[in-house]
Amino acid sequence: MKWSFLKVIACGSLLLTANAVAAGNITGYRGQVFYFTDNPVEVKNAADSYKYYEDGVLYVQDGKILEAGDYASLKNKYGNNVALVDYSGKLITPGFIDAHVHYAQMEMVASYGDQLVQWLEKYTMPTERKFSDLQYATKIANLFLDQLINVGTTTAQVFCTVAPQSVEAFFTAAQSRNMRMIAGLAFMDENAPDYALITPEKAYSESKKLIDKWNNKGRLNYSVTPRSAYLLSDAEMQVATRLLKEYPGIHLQTHLAENMESVHMVEKMFPGKGDYLEVYDSYGLLTNHSTFAHSIWISDSDFQLLAKKGGAAVFCPTSNLFLGSGLFNIGSANKYHTKVALGTDYAAGTSLSILQTMNESYKVTQLRKAFSNDPDSVKPLDPFQNFYLATLGGARALALDQYVGSFSPGMEADFIVLDLQSTPVLELRESRSQSLQDILFGLEIVGDDRTIAHTYIMGEKAK
Ligand code: GUN
Ligand code: ZN
């Protein structure tokens with residue numbers, strides 16, 4: 001009798017403790033909660049593509065989204081026992097996604113005077129050469145990821161260099177921050193200095209070793225990374241084909257039709273294989289896990305082919321303007337329902353900030369309008385679509401939308417807190433915003449790293 005009485009007391013207190021811990025693990029973040037559930041250009045009314053709670057709350061438990069909604073209704077459900085962080089007046093959104101970026105190019109931002117092919121030869125290859133030094137690669141990888149957190153980017157697809165050490169350094173740094181990252185060893189064997197090349201045999205064996213070590217390790221994924229068709233022989237393209245066959249569902253990242261010079265080089269190197277995108281497709285590299293940076297000089301039928309196979313184009317406006325590469329045609333992408341993401345393409349791109357990337361993507365659409373024969377048919381990029389591309393659109397393009405990019409229950413709690421009053425200029429601009437659309441437009445044009453008040457990785461505050 002005495003024993004069973006004690007047992008009941010013990011079980012009871014255990015139960016109490018367990019409940020208290022569960023409640024203790026829930027944290028609510030109160031603020032203006034905003035996230036997409038759909039593509040605003042694919043629904044009749046843009047308002048059906050997102051959720052916006054002016055006095056909202058985001059509940060997070062054990063690093064995952066528990067629920068997002070209206071504060072007044074949810075506070076009754078979760079009670080007063082859960083921790084509440086007050087970000088009233090600030091905007092809480094999913095972390096930004098940068099679908100194309102070169103971490104090894106950080107130090108060479110603002111390299112003057114050249115366009116793509118010459119810029120690569122003169123500045124990029126000598127800079128990337130340094131990444132065979134693991135210590136140096138580690139230093140830059142850490143600097144890079146700290147900068148991403150500073151600008152509110154929580155997921156990126158990243159080019160490393162031809163040196164396996166550059167990939168090791170990157171994944172190690174990402175793992176230590178528990179960030180959801182995709183990266184891969186960039187390989188090429190043509191049209192570059194000898195030190196920047198890797199043979200097909202080595203490209204295959206080194207990629208394979210890195211895939212086996214890092215793919216699907218925690219929040220990390222591997223992307224097979226043939227650098228660009230004009231830098232690869234037939235044999236080296238086949239390395240990518242083989243890796244995709246051996247690892248079904250693996251990511252692939254590359255460059256596509258960035259400028260006209262590279263388009264002409266591909267025509268000469270792969271006669272009879274069609275245009276730039278068709279060359280990739282002929283090697284089996286166009287899948288629903290493939291992303292193609294730039295995709296500027298492509299035809300409407302290429303946009304259709306991308307859509308049919310589920311591949312994504314990555315719009316990299318600051319890079320395209322900096323290198324004078326061209327103006328991405330988001331109108332055609334929308335017309336054919338092609339997946340699109342935003343990329344900084346740093347350091348041909350000039351900022352790691354996705355807010356600043358949105359700023360320039362808007363301007364690219366304005367320039368397209370100015371140069372169009374039918375200006376009325378070209379719409380300046382809508383702020384809703386811009387924010388969609390930076391979050392859920394990016395996640396869908398990278399086939400990561402079951403994990404990040406939105407606030408559905410169970411998703412990983414990577415989110416950012418945007419301060420609409422972070423600078424006097426933004427505060428003044430936002431004070432006259434009349435709608436959510438206008439708030440977003442003010443943010444994307446005037447906002448920068450100072451606007452990112454906080455960055456959370458799996459529910460942990462990193463900024
Ligand atoms: N094409 C092949 N490599 C690169 C690169 O590093 N940057 C850009 N912008 N384009 C490329
Ligand atoms: Zn690039």
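Report yes if some residue within segment 405-413 is outside any loop (DSSP other than H, G, I, E, B) and touching a residue at least 60 places away in the same chain (Cβ under 8 Å); otherwise report no.
Going through segment 405-413, the residues outside any loop (DSSP other than H, G, I, E, B) turn out to be 412.
Those left that are additionally touching a residue at least 60 places away in the same chain (Cβ under 8 Å): 412.
Yes, segment 405-413 has at least one match.
When LEU285, LEU306, LEU277 are screened for being within 16 Å of ligand 1 (Cβ to nearest atom) and either of a type outside the set (A, V, I, L, M) or part of a helix (DSSP H, G or I) (or both), only LEU277 passes.
Screening the candidates THR357, THR344 for the property of being within 28 Å of GLY284 (Cα to Cα) and of a type outside the set (A, V, I, L, M, F, W, C) yields one hit, THR344.
Of all the residues in segment 348-373, those that are of a type in the set (A, V, I, L, M), within 16 Å of ligand 2 (Cβ to nearest atom) and closer than 25 Å to GLN118 by Cα number 2.
Just for segment 331-347: of the residues that are assigned to a loop (DSSP other than H, G, I, E, B) and within 16 Å of ligand 2 (Cβ to nearest atom), which one is nearest to ASP401 (Cα to Cα)? Among those that are assigned to a loop (DSSP other than H, G, I, E, B) and within 16 Å of ligand 2 (Cβ to nearest atom), it is GLY343. SER282 falls short on exactly one of the conditions (1) over 22 Å from the mean Cα position of the chain (by Cα); (2) within 16 Å of ligand 2 (Cβ to nearest atom), and that condition is (2). Reported count of residues in segment 111-159, each being within 14 Å of ligand 1 (Cβ to nearest atom) and over 21 Å from ILE452 (Cα atoms), is 20. Return yes or no: is ASP70 touching a Gly at 6+ places or on another chain (Cβ under 9 Å), free of Cβ contacts under 8 Å to residues at least 24 places away in the same chain and away from ligand 1 (no atom under 14 Å from the Cβ)? So ASP70 fits the description; yes. Where strands (runs of 3 or more DSSP E) fall entirely within segment 61-130, those with at least 1 residues that are charged (D, E, K, R) and within 16 Å of ligand 2 (Cβ to nearest atom) are at 96-102.
Name the residue, out of LEU428, LEU355, LEU389, that is over 19 Å from THR455 (Cα atoms) and either in a helix (DSSP H, G or I) or modelled with pLDDT under 95 (or both). None of the other options fit; the residue is LEU428. Can you say whether VAL43 is buried (at least 17 other Cβ atoms within 10 Å of the Cβ) and at pLDDT 95 or above, as far as the supplied structure shows? Spelling it out, it is not the case that VAL43 is buried (at least 17 other Cβ atoms within 10 Å of the Cβ) and at pLDDT 95 or above. Filtered by the rule that a residue be more than 15 Å from ligand 1 (Cβ to nearest atom) and touching a residue at least 40 places away in the same chain (Cβ under 8 Å), segment 171-194 gives PHE171, ALA174, GLN175, ARG177, ASN178, MET179, ARG180, MET181, ILE182.
The set of residues from segment 232-271 being aliphatic (A, V, I, L, M), within 16 Å of ligand 2 (Cβ to nearest atom) and assigned to a loop (DSSP other than H, G, I, E, B) comprises LEU232, ALA257.
Scan segment 292-320 for residues that are surrounded by fewer than 23 Cβ atoms within 10 Å (Cβ to Cβ) and either closer than 14 Å to LEU389 by Cβ or away from ligand 2 (no atom under 14 Å from the Cβ) (or both) and the total you get is 10.
The values are calculated or read from the model by the stated rules, or taken from the named source; none is laboratory data. In this text, all values refer to a predicted model and were calculated from it rather than measured experimentally. Here the Cβ is made from the backbone with ideal geometry for all residues, glycine too, and neighbour counts use every protein chain on show.
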